[in-house]
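Okay, structure first, notes after.
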Amino acid sequence: MDVPNVFKDDILKGKVALVTGGASGIGLGISRRLAQAGADVVIASRRVEMCEAIAKELADTYGVRTLGVALDVRDSENVNAVFAEAVQTMGRLDILVNNAAGNFYYPAEKLSDNQWKAVLEIDLYGTFYCTRAAMPYLKDDGGSIVSISMTLHRNGWVGMAPACSAKAGIDALTKTLALEWGRFGIRVNAVAPGPIITEGVKKAFALGGDFEDQKDTIPLGRAGEPEEIGNLITFMVSDAGSWMTGSIVTMDGGEGLSPQRAGLAPEPLAQMAEYMAAQRKG
Ligand code: NAP
């Protein structure tokens, strides 16, 4: 589905944004909209060739400055170095979008220490490391941080204990930092998207079912598009969102309200556990 761009092409002119995981899925929708609104954009994730290619595409298409860099959000030293390098190259930093994540379905009782840590380290620790690294650069002129949360942890979600725990942590971190950093003019918010069919989601559903079976349980009858989350974040980080901090904004087609969604999860989890074990061996 084509998502219309409703913003003028200069509302973020002069601002520099860094989007983690900004070369694919929801992150790409966000990077694209920020560039379209005139921001210079740093795209950062482990697959650096992909970041560089998207950076070039956005610069060519929207006439903004971009940078594609390698970043592993789990490694705080790497995070600090990449943020310093990005600021040196781009001159400043105004906007951070913590989008990187790595989630999978698995029965909680079978999770290894490494599986548990892998998700917490990307989703929650990574969000904190990047937020902490960005803070000194945002402090003088004010700035805006948006982290990507989700809706599923609010009532719990079968097979997603690490992701639910990490995203609950992100919600708490968002509110806490909004309180701590309001005095610097730094706004700290989060977005909780409903289902959007990305690379990551396709992998998860390949193990446990077909999204087409489930979309009728969403009041608006469809999954979302990455650019719809990009639109929301463009609004939040622009002057239109100037009095918004500590908010966790849901955009989910009404999914979270639907009684039919409660308890829905890919089944059977045992089959998934076998699949994951085979993947690890092979
Ligand atoms: P995705 O397709 O799995 O993409 C994840 C992105 O994170 C990739 O660009 C990946 O790039 C990057 N990443 C993973 N590990 C990283 C690491 N250690 N360091 C740096 N970057 C890393 O995910 P998505 O579906 O677009 O989801 C994006 C965000 O929305 C996530 O926070 C997710 O939890 C949230 N969300 C998604 C949905 C949905 O339905 N899609 C719903 C609710 C919330 P590299 O592999 O190059 O590192």
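The values are calculated or read from the model by the stated rules, or taken from the named source; none is laboratory data. Remember, it's a predicted structure, so these values are computed and weren't measured experimentally. Here the Cβ positions follow ideal geometry from the backbone for every residue, glycine too, while neighbour counts run over all protein chains shown.
Odds and ends about this structure:
- For the stretch 223-254, filtering for residues that are assigned to a helix (DSSP H, G or I) and charged (D, E, K, R) leaves 3.
- Some residue of the stretch 111-121 being touching a Lys or Arg at 6+ places or on another chain (Cβ under 6 Å) and over 18 Å from residue 229 (Cβ atoms): yes
- Residues that are near the ligand (Cβ under 9 Å from one of its atoms) and in contact (Cβ under 8 Å) with a residue 40 or more places away in the chain, drawn from the stretch 36-65: 44, 45
- Counted residues, the stretch 78-99 - those being aliphatic (A, V, I, L, M), touching a residue at least 60 places away in the same chain (Cβ under 8 Å) and crowded, with 22+ Cβ neighbours inside 10 Å: 5
- Test result for residue 199, in contact with a helix residue (DSSP H, G or I) (Cβ under 8 Å, 6 or more places away or on another chain), modelled with pLDDT of 65 or more and not aromatic (Phe, Trp, Tyr): yes
- Boolean, residue 185 is at positive phi, of a type outside the set (Val, Ile, Thr) and within 16 Å of the ligand (Cβ to nearest atom): no
- Matching residues, the stretch 147-161, being in contact (Cβ under 8 Å) with a residue 12 or more places away in the chain and away from the ligand (no atom under 11 Å from the Cβ): 154, 155, 158, 159, 161
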